[in-house]
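Here is the structure we will look at.
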Amino acid sequence: MKAYPFADDFLWGAATASYQVEGYPLADGAGPSNWHVFSHKPGTVENDHTGDIGVGQYKLYRDDVQLMKKLGIQAYRFSISWSRIFPEGTGRVNEKGLQYYQNLIDELLANGIQPWATMFHWDLPQALEDKGGWRSKDTARAFGDYVAYVSSKISDRVKNYFTVNEIYCFTRTGYKDGIFAPGLKLDPKTVAQTVHNGCLAHGLAVQAIRANAVQPVNIGLAENMPPTVPVYETEENIAAARTAFRHYSADKLLPMMEGAYADFWLEEMGDNAPEFNDEEMKIISSPIDFVGINVYAPVYIIADADAPHGFREVPLPQGYPRMNMPWLYVGPNITYWAPRFLKEIWDVKGVYVTENGCAAQDKMELDGEVYDTDRVMYLRNHFIAAQRAVSEGIPLKGYFVWSLLDNFEWASGYNKRFGMVYVNYQTLERTPKLSAKFYSEVIKNNAVV
Ligand code: GBH
């Protein structure tokens, strides 16, 4: 008997995002995105790297599809760049931009790989950024229109959709911390409004896809809620971590699942709460088919009867192990607990890990191989946690590794490598690392090997 087996229909995939891999962001009539403009401002990205070349997938997509086919990858999660299709964000359509994604989708299908499309992975048309970006509800409405158009054109072949990727990152990290595009540091009320508008965009997109799809489709989002974990697994601590999971999701998943903001959160926010109305809350909570979770680093919780809500977050000690990213603390059992809590709190019927992976200090050896045993260790432990979830009947249905390829790691530029496939940035040559070979074996065996 195999150790750690998965069901036959468990889906094994790999993920990327447009601005991180495509390159040639202005090709064929595309408009600039906010990330194009941001990364071209000196000092915003390490070494002043930009996505101008990315890993060249815009030109090399056929090679990347062959690479995935060879590895046995069953589904490709890619994102669509809004400003390639609507150069000004709204209005005029650029047919050539849409054609690129049509070609990619056809190539995937011809090679037996399912296309899973993310409609927004942070690259907002600069024309909309100039009009207030996510501070404005008009951006959410424009997103609904863009998604309606694109889904009407691709839904004959694409069944699986993510509305938005990680609302936290394109709102707080961009408008509060100023680390991501557009690089602003705004007041708490404005920031809360960007988050609400991001949720509204998600809801409008759910409705737009349902209204325009020409066949039954599967719709969700890719969310990065703080994945809480009980330090040790007693009933009391599990309950505390579950309460914390719902609390930490108060401005995104909670309203999507419950149709209203929680009283505890509105009290906490006070005057800094965003402007919203009942109709928007209905849109935000439009029914979805699954929840996608991007899981990386754990948040440890213990029960504490004296704490306000019965839980306390445990600070991480100085020497806590991490992968090659300051925030990437190792904690594989998040991949078990997050799907379990989604089921227990909101009765979520389908969960996908839409991103999990790590940066490592990869080096090509003289024999031409990249022996990333650290990434193999990281992934293997997450797969074991996933198998624990499915073996207990938790509806975890698939797994997308972040990332297929080394790529433009946002504010870290090309200095951090998250890929299972090594990219030589001089030649754009792709070389599967040991972790890609390991993943290929996991998929072939449908078990953790
Ligand atoms: C995901 O973001 C992205 O979807 C993907 O595009 C990206 O390449 C990948 O992960 C790897 O980063 O306040 O300094 O502790 C994850 C982004 C990074 C968001 C950590 C929250 C906290 C940073 N997350 N961040 S810090």
Task: Efficiency of FRET from Cβ geometry, Glu313 and Leu266, R₀ 30 Å, rounded to 0.05 - done: 0.90
- [ ] Pop out the carbon and sulfur fraction of the accessible area of the chain as a percent, whole number, probe 1.4 Å.
- [x] 51
Task: Whether segment 22-102 is rounded, prolate or oblate, judged on the alpha carbon gyration tensor where a/c under 1.5 counts as rounded - done: oblate
- [ ] State which entries of Lys252/Lys282; Lys69/Lys349; Lys41/Lys131; Lys59/Lys153; Lys282/Lys397; Lys189/Lys282 exceed 24 angstrom in Cα-Cα distance in the structure shown.
- [x] Lys69/Lys349; Lys282/Lys397
Open item on the list: Using +1 at the C-beta of Lys and Arg and -1 at the C-beta of Asp and Glu, which of Ala222, Pro182, Ile384 has the Cα lying farthest in the positive direction of the dipole of the chain?
Closed with: Ile384
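Where the only charges are on Cβ atoms (+1 Lys, Arg; -1 Asp, Glu), what is the dipole of the chain about its Cα centre, to the nearest 20 debye?
Roughly 920 debye, rounded to the nearest 20.
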- [ ] Report the longest stretch of the chain that contains none of the GluC sites (Glu not before Pro) sitting in a DSSP loop with at most 16 other Cβ atoms within 10 Å.
- [x] 89-232
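Rounded, prolate or oblate for segment 317-449? Axes are the square roots of the Cα gyration tensor eigenvalues, ordered a ≥ b ≥ c, and the cut-off for rounded is a/c under 1.5.
Prolate shape, in that a/c is at least 1.5 and a/b is the bigger ratio.
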Task: segment 233-312: translational diffusion in µm²/s, Stokes-Einstein, Kirkwood Rh over Cα pairs, 25 °C, 0.890 mPa s - done: 171
TODO: Give, in nm to one decimal, the length gained when the segment between Glu365 and Asn445 is fully stretched (0.36 nm per residue of separation minus the Cα-Cα distance).
DONE: 26.0 nm
Open item on the list: Quick check for you: with a 1.4 Å probe and neighbouring chains kept, what is the accessible area per residue of the chain, in Å²?
Closed with: 38
Open item on the list: Given all pairs of different Cα atoms, what value in angstroms does the Kirkwood hydrodynamic radius of segment 11-445 take?
Closed with: 21.9
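The values are calculated or read from the model by the stated rules, or taken from the named source; none is laboratory data. Just so we're clear, the structure is a prediction, and the values are computed from it rather than from any experiment. Here the Cβ is made from the backbone with ideal geometry for all residues, glycine too, and neighbour counts use every protein chain on show. The accessibility values were calculated without ligands, DNA or RNA, using every heavy atom of the protein model including side chains. Shrake-Rupley method; radii C 1.70, N 1.55, O 1.52, S 1.80 Å.
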